[in-house]
Every structure is written in C-alpha cells, then in structure tokens.
Amino acid sequence: MNPLCSLRYSATHVDKHHMLFRLDAIDAYERKLVKQIEVAAATVEGGHNKPFVRLLGVKSTRGTITAKIELDVQTKTGCGGGI
C-alpha cells in the first residue's frame with residue numbers, strides 16, 4: 001500500500017509531525033464545544049516551614065544602597081510577618 005497521506009488523531013502526541021490543526025481549551029470554549037473550563041488548585045494553609053523573603057524596594061542615596069524586605073519569622077506567639 002502506498003498511501004498519499006496518513007492522519008494521526010491524538011491529544012498527546014509525543015512527536016508532532018506536520019500538525020494541521022490544534023484545538024486547545026480556550027479555542028474549544030470559544031467554539032462552544034465545552035460548557036466551562038475549570039482549573040483546580042491546591043493550597044497549603046499555615047505552611048510556614050519554608051523560608052519567605054520578599055524584596056519590597058531598593059534605594060540608593062549618596063553611594064549607600066538600602067533595601068526594604070519582608071520576612072516571615074517565627075515569634076514566641078507564633079508565625080508572623082515583619083519588616
């Protein structure tokens with residue numbers, strides 16, 4: 001058999017050869033092929049076992065560089081943020 005072409009239908013091709021059409025979640029929603037798109041997320045509450053440092057700002061005056069940071073620290077009464 002000498003086919004003129006072969007069509008491969010899959011949502012999870014490992015190797016993409018000569019892709020003719022792509023339908024992602026947003027396109028399917030806009031074409032009204034699906035009713036809704038739902039994204040599941042998992043969050044950890046009270047997960048203070050990892051260090052947290054946030055840079056709030058940097059200022060340079062007369063050759064002196066200062067930075068304002070926010071830290072998540074363990075205190076005697078529990079966990080709290082400090083600047």
Karplus (6.51, -1.76, 1.60) ³J(HN,Hα), θ = phi - 60°, over segment 20-26, in Hz, Gly and Pro reported as x: 8, 8, 9, 10, 9, 5, 5
Structure-derived volume of the Cα convex hull per residue in Å³ - corresponding label in (i) 288; (ii) 112; (iii) 124: (i)
Percent relative contact order for segment 1-70, counting Cα pairs under 8 Å at least six residues apart, stands at 15
Among the lysines, which have Cα under 22 Å from the Cα of Lys59 when same-chain residues fewer than 8 positions away are ignored? Lys68
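Only the coordinates and a few stated rules stand behind these numbers; no lab work does. None of the values given here were measured: they were computed from a predicted structure.
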